[in-house]
Structure formats: structure tokens, C-alpha cells
1. Around ARG46, under 13 Å between beta carbons, what's the net of Lys plus Arg minus Asp minus Glu among the other residues?
2. Per-residue ellipticity at 222 nm for the chain, helices alone: DSSP H runs ≥ 4 residues times -39500 (n - 2.57), over residue total, nearest 500 deg cm²/dmol?
3. Simple spin-label model, 7 Å along Cα-to-Cβ: ILE201 to ALA178 in nm?
4. Tally Lys/Arg at +1 and Asp/Glu at -1 over every other residue whose Cβ is under 13 Å from the Cβ of SER139; what's the total?
5. Going by alpha carbons, how many degrees (0 to 90, nearest 10) lie between the helix axis of 105-116 and the longest principal axis of the chain?
6. Ignoring ligands, DNA and RNA, what accessible area per residue does the chain give at 1.4 Å, in Å²?
7. Output the pairs from LYS127/LYS186; LYS54/LYS117; LYS127/LYS229; LYS117/LYS160; LYS35/LYS72 with a Cα-Cα distance over 29 Å in this structure; if there are none, say none.
8. Translational D (Stokes-Einstein, µm²/s) of the range 149-202 at 25 °C and 0.890 mPa s when Rh comes from the Kirkwood sum over C-alpha pairs?
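The values are calculated or read from the model by the stated rules, or taken from the named source; none is laboratory data. A quick note: this is a predicted structure, and the numbers were derived from the prediction, not measured. Here the Cβ positions follow ideal geometry from the backbone for every residue, glycine too, while neighbour counts run over all protein chains shown. Protein only, heavy atoms only, side chains kept; ligands, DNA and RNA dropped before computing areas. Shrake-Rupley method; radii C 1.70, N 1.55, O 1.52, S 1.80 Å.
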Amino acid sequence: MKAKVMLVALMALSATAQSPSANNAEHNHNAHGGKVLLLPRDLEVRLAVDALPKELRDGAAVLVLESDGYVKVRSGTNPFTCIVSRRGGNFYPVCFDEEGTRTILLAFADDAVFRMKGSSEQEIEQKLAEGFAEGRYRSPSRPGIAYMLSPATYMLNSGKLARTPPHTMFYAPFLTNADIGGVPGKTAFVDRPGPHGMIIILAGEKEREALMSESQSLVDEVERQIGLK
């Protein structure tokens, strides 16, 4: 009975997260629709680590998506593990610290597998909710950080992928924007409220310009590969 109650609660949270306001559509990690995009391995590795500050990239572990799911292609020497996420039909590099790798990354990876197998958005959310209820997925047990600093970061907006601002994320399970006075696009705000909720801190204009200047050739290569150029 307890597991059933938890499952219902998690599905309700998921449904809430599926209704973004117009103000945060470009930052929303839970948009719907879209196909799973695959990249050549070398490009996916370079894109994955681009989410990190450059001082951390060489030491990060990397997973890449293949036809059967994510596989580790590089071991790390620092706490971070990087992937190109397809969560919710979006397309973005993200690097989790040790706690995020232990508790959050698996759900992101499974989302892509379910998607490749043809599961609908509703089926994917139900499977993820069941995974939480069964203990397969867990909330972070301590504060931590995940980076999404690459300018080659794309979220679905009106059914099409669009570039979204680089940002840094801090784990905040079950926190809401009401708790912190969050206003998407104007202040720090909570993305995907629920067991894997995160506080989003957008990069400032000067930081965005510097990141784009550094990664412009990678952005161009990725956008040609995924059909945005």
C-alpha cells in the first residue's frame, strides 16, 4: 500500500512538471515529443564534457548513447560523469557529480532507452514513477551540483529543438518555486519539482558570450549533425 501511495504521488508530481509556463519553456527539462538523436562517438564525447568548466573536462567519466543504451567510453579521475541527455525528447550535455551520478543519472539514461524502444511520453513517466516506487531510482541524499554550461544545449519548444542558455544546477528534491520565490528567467528557479528537482542558476550574459566564443565550432558541428543548420 505504501508503494502504491508513493507511486501515485510521484505520478502527480510528474504531471505537474509536464505543464511548464510560457516563461520557462526554453529551460524546461520535461518538454514532450521529439526523437532520439544519435551522434558519432567522438562528437558525443566532446559535446558531453563541454557541459563542464574547462578545468574539469579532462578528468570526467563519459557515457555515450548507442543502440542498446548508454555505455561508458571513458573512466574519470574527478567526481563527474558526463552524458548527452535525451530526457523528455530534449538534447543536452550534462555532467553530474558523484551524488548525481549515483541517484539521478540512471533515470536520465533509462528515459533514452524507453524512448528508443518506442514508449510514449506517458508510458515513460509511468515507468520512471514505478522505478522510484520500487527503489530503482532515488533522490539525492545530500547537496550536490550538475553542470550544463555548454551553449550546445537544446530544449523542445513548440515541438522543435531550440538553443537554451547555459546554466548550473543544484539538487533540490521536492523543493518548489514557491519555497524559494523562484521566477524562471529572472531568478534562481526549480526545474522538474519532485524527487530529482534542481535549482537552476542561469549563466550571466558575459559568461554566455565567453562560453559561446570558446565552443562556437562545436556548436556549429553539433547543429549540422542534428539538422539545425
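1. With Lys, Arg at +1 and Asp, Glu at -1, the neighbours total -3.
2. It comes out at -11000 deg cm²/dmol, rounded to the nearest 500.
3. The answer from the label model is 2.6 nm.
4. Here the charged neighbours net out to +4.
5. It is inclined by approximately 90 degrees.
6. Averaged over the residues of the chain, the accessible area is 47 Å².
7. Table pairs above 29 Å Cα-Cα are LYS127/LYS186; LYS54/LYS117; LYS127/LYS229.
8. For the chosen part, D equals 209 µm²/s.
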